[in-house]
Every structure is written in structure tokens, then in C-alpha cells.
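Each reported figure results from applying straightforward, stated rules to the coordinates on display, with no laboratory input. Everything numeric in this text was worked out from a predicted model, so none of it was measured. With ideal geometry, Cβ positions are generated from the backbone for all residues, glycine too; neighbour counts draw on all protein chains shown.
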Amino acid sequence: MTRHAMVFGLLLSIGAASAAAQGPPQGPPPGPAIPAGRPIGAGELQKLFEAYTVLQAQEALQLSEAQYGRFVTRLKTLQDVRRRHLQARNQMLADLRRLTNPQSGSGDEAAIAERLKALREEDDRSAGEITKAYDLVDEALDTRQQARFRLFEERMEQQKLELLMRARQNARGAARGR
């Protein structure tokens with residue numbers, strides 16, 4: 001088994017453990033855990049998948065040894081920018097959800113308008129940061145590799161979604177078997 005296949009197998013088993021550990025909403029999550037004895041969180045799973053992406057990139061993009069170091073550093077920067085933006089955006093959306101919840105009675109128009117403005121500003125700021133991060137990645141690649149990178153990213157995103165769907169199916173099967 002190749003190193004890449006082993007890493008993907010590890011990610012798949014961790015994803016299944018993570019989804020199973022989330023289990024039904026009643027009580028603490030029983031289910032499988034990572035070796036440290038605790039369920040793996042979505043953020044940790046995301047970082048593992050990002051590491052897998054870095055491993056797969058050298059082969060998929062046919063990077064030379066000289067290119068690889070620069071590329072990896074810049075790819076990790078792109079991943080960090082995306083992750084930070086997603087976390088900030090999700091927090092702002094949670095705030096909006098809370099503020100617009102009819103049961104909370106806190107429908108303060110000024111607070112809602114402020115959160116909407118902050119969300120727009122975050123989206124604008126992150127779009128610029130992501131563009132800069134892509135420009136830096138592209139500087140480490142030739143034109144053909146840039147095109148391969150865009151296709152590679154799409155394929156990795158599809159694999160991530162498939163991994164998550166499989167993990168959820170495994171968790172459902174495990175929950176039925178209890």
C-alpha cells in the first residue's frame with residue numbers, strides 16, 4: 001500500500017470515528033475515538049485532510065523537488081486563509097441566527113444591521129486575501145501546473161465530500177447496530 005493510500009485510509013477511518021462519535025443527540029457521544037481516547041473534531045479532521053492534500057499535490061501537479069518547498073508553504077497559507085475566513089463567517093452567521101430567532105425576542109435591528117455589515121466586510125476582505133494567496137501559489141507553478149492545481153482542488157473537494165458522506169453512513173450503521 002502506498003503512503004498516500006495509507007494516509008487516505010487513516011482519514012477515512014478517522015472520519016468514520018468522528019461521525020460515529022457525534023452520534024445521536026441524546027447523551028455524550030459513545031462511539032469510536034482516536035488513539036488519544038477522545039473523538040476527533042471537525043477542525044482536526046479538516047487539518048488532516050489538508051495534510052493529505054499537500055501529500056497528493058506533488059504527484060498530481062508533477063512538482064519538481066525545487067518547486068515543492070515553495071509550493072507547500074504557499075498552499076498551507078491558502079488553506080489557513082480559507083479556514084480563518086470560514087470560521088469568522090460561521091461565527092457571524094451564528095450571531096445572525098441568534099439575533100433573528102423569533103423565540104429569543106432580541107430582534108434588535110441595529111445589531112442585525114451591524115452583523116450584516118461585518119459579514120459583508122469579512123467576505124470582501126477574505127476575497128482579497130484568498131486572491132493574494134492564490135497569486136503566491138501560482139508564482140511557484142508554471143501555467144500547466146496552475147491549471148492542474150485548479151482541477152486538483154476540485155477533485156480533492158469531491159473526495160472530502162465523499163469521505164464525509166461515507167463517515168455519516170458508517171455512523172448511521174453503527175448507531176443502528178447499538
HN-Hα J in Hz across the stretch 116-129 - Karplus 6.51, -1.76, 1.60, θ = phi - 60°, x for Gly and Pro
5, 5, 5, 5, 4, 5, 4, 4, 5, 4, 5, 4, x, 5
Label model pair Glu154, Arg98: point-to-point distance (7 angstrom along the Cα→beta-carbon line) in nm is 3.9 nm
Work out, step by step, the length gained on full extension between Glu122 and Ala51: first 0.36 nm times the residue separation, then minus their alpha carbon distance; give nm to one decimal.
23.0 nm
Distance check, please: which entries in Lys76/Lys117; Lys47/Lys117; Lys76/Lys160 exceed 27 angstrom between their Cα atoms?
Lys76/Lys117; Lys47/Lys117
Additional length obtainable on full extension of the chain from Ala88 to Ala147, 0.36 nm per residue less Cα span
18.3 nm
